[in-house]
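The values are calculated or read from the model by the stated rules, or taken from the named source; none is laboratory data. The structure presented is a predicted model; accordingly, all values stated were derived computationally and were not measured. Please note: Cβ atoms are built from the backbone with ideal geometry, for glycine as well, and neighbour counts cover all protein chains shown. Keep in mind that these areas ignore ligands, DNA and RNA; they rest on the heavy atoms of the full protein, side chains included. Shrake-Rupley method; radii C 1.70, N 1.55, O 1.52, S 1.80 Å.
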Amino acid sequence: MPVLVIIAIVVGLVVVKLTTGNSKTPAATPENPVPAAVMDRLTSVPTSAFDAAGAPSSLVASLKPGSGSPLTSAGKPLVLYVGAEYCPYCAAERWPMVVALSRFGQFTGLKVTESSTSDIDPGTQTLSFHGATYTSPYITFQSVEEQTNQPQGDTYATLETPTAAQEKLVQTYDKPPFTNSSGGIPFIDFGNRYIVSGSAYDPATLQGQSWFQISGALSEPTGQVGQSILGTANAISAAICKLTNGQPGSVCTSAGVKAAAAQLK
């Protein structure tokens with residue numbers, strides 16, 4: 001066989017290897033369904049892992065007291081999330097949000113994506129609530145992903161728009177004294193009882209890691225990534241347990257959640 005033909009075959013095999021070797025990792029932009037292995041890790045964290053992660057005070061401190069009448073929807077306490085896909089802080093906070101909310105209900109249609117590649121902590125791999133639904137016997141969850149991670153001039157393309165009621169909550173609570181500064185995202189309102197603006201931990205913690213690596217780190221609850229996500233999830237779970245009057249008991253009486261609840265004002 002001529003040498004040039006052999007070289008062409010080898011090059012062809014290399015190209016095939018390069019283009020198919022990561023076939024299990026979907027492209028991050030704009031969105032793809034969460035791989036089954038990742039979703040399984042997010043929704044099957046054992047109580048022992050949550051308890052081992054505990055509730056570091058730095059993570060619980062992200063929850064600030066709210067005010068006003070209890071916020072409800074469909075006869076249940078309402079948790080409202082407002083963020084954007086380009087935002088690295090949203091990218092970090094969605095991981096513990098999904099883990100915590102999965103203790104109280106079930107997601108369908110979650111996507112994977114990444115934060116902007118031209119912002120700080122570029123390309124932080126994460127989840128997106130865009131197009132997802134959530135069902136729970138305990139709470140109602142509403143999400144608004146306002147913009148994509150796709151640049152459009154000096155900003156990012158619009159994805160979802162808050163309702164008038166949702167925008168009123170943002171204008172009322174996404175500012176001091178409920179948050180450290182005005183207009184930050186992610187903005188999360190836990191039934192008007194607790195408010196979060198920004199992420200509980202540094203998005204740089206996840207830098208350079210894939211969805212598979214991040215979700216896999218949940219099996220190491222005392223490691224940096226595992227504790228950041230699970231510790232924050234305990235704080236979020238404690239806030240939700242305040243809204244549900246301690247239901248379900250299997251979650252709200254766990255050691256990690258009780259440790260976080262003891263720190264909440």
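Scanning region 113-145 for residues that are among the β-branched types (V, I, T) and more than 26 Å from L78 (Cβ to Cβ) returns T117, I120, T124.
Listed by first and then second residue, the pairs linking a residue in region 170-188 that is among the small types (G, A, S) to a residue that is open to solvent by 40 Å² or more (accessible area, probe 1.4 Å), with Cβ atoms under 6 Å apart and 6 or more places separating them unless they lie on different chains, are S182/K175; G184/S197. Among the residues of region 53-107, those that are over 25 Å from P176 (Cα atoms) and of a type in the set (G, A, S) comprise A53, G54, S73, A74, G75, A100, S102, G105. Filtered by the rule that a residue be among the hydrophobic types (A, V, I, L, M, F, W, C) and either assigned to a loop (DSSP other than H, G, I, E, B) or closer than 23 Å to A261 by Cβ (or both), region 33-67 gives V34, L42, V45, A49, F50, A52, A53, A55, L59, V60, A61, L63.
Just give me the residues in region 143-152 being buried (at least 18 other Cβ atoms within 10 Å of the Cβ) and farther than 20 Å from I229 by Cβ, in sequence order.
The answer is V144, E146, Q147, T148, N149.
Taking every residue in region 48-63 that is of a type in the set (D, E) and pairing it with any residue that is open to solvent by less than 40 Å² (accessible area, probe 1.4 Å) and assigned to a loop (DSSP other than H, G, I, E, B), at least 6 positions away or on another chain, the pairs with Cβ-Cβ distances below 9 Å are D51/P221; D51/S254. The set of residues in region 211-265 being buried (at least 22 other Cβ atoms within 10 Å of the Cβ) and free of Cβ contacts under 8 Å to residues at least 40 places away in the same chain consists of A217, C241. For Y134, the conditions (1) crowded, with 23+ Cβ neighbours inside 10 Å; (2) part of a strand (DSSP E or B); (3) not polar (S, T, N, Q) are fulfilled apart from (1).
The rows are residues; the columns are (1) without any contact (Cβ under 8 Å) to a residue 12 or more places away in the chain; (2) more than 26 Å from E220 (Cα to Cα); (3) open to solvent by 10 Å² or more (accessible area, probe 1.4 Å); (4) not in a loop (DSSP other than H, G, I, E, B).
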position	(1), (2), (3), (4)
S69	no, yes, yes, no
P77	no, yes, yes, yes
Y86	no, yes, yes, no
A92	no, no, no, yes
W95	no, no, no, yes
F104	no, no, no, no
F107	no, no, yes, yes
S116	no, yes, no, no
D121	no, no, yes, no
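The residues of region 108-147 that are hydroxyl-bearing (S, T, Y), within 15 Å of the chain's Cα centre (by Cα) and within 14 Å of G83 (Cβ to Cβ), listed by number, are T113, S115, T124, T126, S128, S143. Of all the criteria given as (1) open to solvent by less than 50 Å² (accessible area, probe 1.4 Å); (2) at pLDDT 95 or above, the one not satisfied by T179 is (2). Scanning region 46-67 for residues that are open to solvent by 20 Å² or more (accessible area, probe 1.4 Å) and aliphatic (A, V, I, L, M) turns up A52, A61.
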